[in-house]
1. Of all residues in the range 101-131, which are of a type outside the set (A, V, I, L, M), free of Cβ contacts under 8 Å to residues at least 24 places away in the same chain and either farther than 27 Å from L212 by Cα or in a loop (DSSP other than H, G, I, E, B) (or both)?
2. Any chance you could count how many residues in the range 209-223 are closer than 15 Å to L101 by Cβ and either of a type in the set (D, E, K, R) or free of Cβ contacts under 8 Å to residues at least 40 places away in the same chain (or both)?
3. For the range 250-278, how many residues meet the condition of being basic (K, R) and in contact (Cβ under 8 Å) with a residue 40 or more places away in the chain?
4. Residue check: is G138 of a type outside the set (D, E, K, R), crowded, with 23+ Cβ neighbours inside 10 Å, more than 30 Å from P63 (Cβ to Cβ) and within 18 Å of the chain's Cα centre (by Cα)?
5. If a residue has to be among the polar types (S, T, N, Q) and surrounded by 16 or more Cβ atoms within 10 Å (Cβ to Cβ) to count, how many in the range 1-57 make the cut?
6. Which of the helices (runs of 4 or more DSSP H) contained wholly in the range 147-261 include at least 1 residues that are surrounded by fewer than 18 Cβ atoms within 10 Å (Cβ to Cβ) and β-branched (V, I, T)?
7. Taking the condition of being free of Cβ contacts under 8 Å to residues at least 60 places away in the same chain and within 21 Å of the chain's Cα centre (by Cα), how many residues in the range 226-249 meet it?
Amino acid sequence: MAAKFIVGMRQSNLNKLPARLEEQVRGEARSHTDMLLLENVPERKSPCLKTMAWYRYAVHAYPGATFIAKTDDDAYVHTVKLEVNMRPFVGQRWVYVGSTLWGAYITKTFEPCARRLGPMMAMGGMTEENCKPRGAIGPYPYAVGMLQVLSHQLASWMVVQEPYTTFERRATAATRPPMMDQGEDMVIGMFIYQHPEPVMPLHWGWDKLHDLCFLCTRKDQIWRPITYQSVVAHHVANDIIINDVHRNITARCDETCVNTLLPFEVKSLEDLCSRGQIRKVYSKCAAVAQGR
């Protein structure tokens with residue numbers, strides 16, 4: 001498993017980094033050889049442009065890779081457990097894995113719309129936030145930014161699509177509002193939602209990929225404590241906490257545990273569309289009725 005830390009070498013306004021900071025970054029890259037410096041990509045609040053550039057880079061830099069993934073710089077990823085659980089998907093062309101939220105996206109103004117925990121809530125949010133008249137695409141599920149895993153084939157398809165390249169160009173050029181500053185995971189989900197095949201993210205579950213907390217009192221949120229099932233713990237604030245997370249995960253999960261497959265809460269489009277009224281709000285459920 002190859003890993004890269006992605007750095008945009010432009011400021012938000014597309015100016016070059018200050019000379020001293022640039023020298024520090026390039027020096028670290030030379031020392032560690034695990035950094036990808038994107039010379040013409042800005043560092044902004046949302047890592048959308050870095051994420052898009054990463055997928056384009058990776059499909060060419062790693063032509064023999066089976067999967068291409070993106071995670072956050074404040075996330076602990078148990079890479080061995082992740083690799084074990086991706087093995088069953090080897091050989092499948094259109095793989096998109098993570099833990100999912102739902103929403104819609106307005107490309108004209110770079111705005112998320114109706115971002116919710118589930119499909120029925122997102123559909124209600126579409127009305128509340130007037131999403132369709134504002135030009136929103138959706139609703140659709142998307143893998144949250146703490147971990148997205150795409151098959152090489154799916155990433156390769158995505159990065160050459162005209163909407164992808166046009167959005168990237170517009171988002172880079174927009175240096176003042178409206179500009180792309182939130183919802184990068186929704187943007188990736190939006191492009192995959194537009195795939196002609198019925199591709200959707202498989203929802204692994206918030207017990208496997210979750211925001212980190214220590215005394216969690218609510219179970220309807222994505223904040224969870226470390227358990228033997230944790231693969232990604234998000235919002236890890238510093239090196240002390242990330243080392244504590246590692247100790248907690250490895251203490252709870254021995255070699256047998258690491259090599260045990262963790263079930264997906266939503267394992268297929270058919271599974272999703274069989275639940276409640278989801279088929280009435282999610283357009284890709286039509287493909288199930290047509291037997292695709």
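Nothing in this text is a laboratory measurement; each read-out follows from the coordinates by a stated rule. The structure displayed is predicted, hence computed values, not measured ones. All Cβ positions, even for glycine, are placed from backbone atoms using ideal geometry, and neighbour counts span all protein chains on display.
1. G118, G124, T127, E128, E129, N130
2. So the count comes out to 4.
3. 1
4. The answer is yes for G138.
5. The number of residues fulfilling the criteria is 2.
6. The helices (runs of 4 or more DSSP H) meeting that bar are 162-173, 239-252, 255-258.
7. Going through the range 226-249 one residue at a time, the tally reaches 2.
To keep it simple, each residue is scored yes or no on (1) of a type in the set (S, T, N, Q); (2) within 24 Å of S230 (Cβ to Cβ); (3) free of Cβ contacts under 8 Å to residues at least 24 places away in the same chain.
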residue	(1), (2), (3)
L147	no, yes, no
E162	no, no, yes
A174	no, no, no
M179	no, no, no
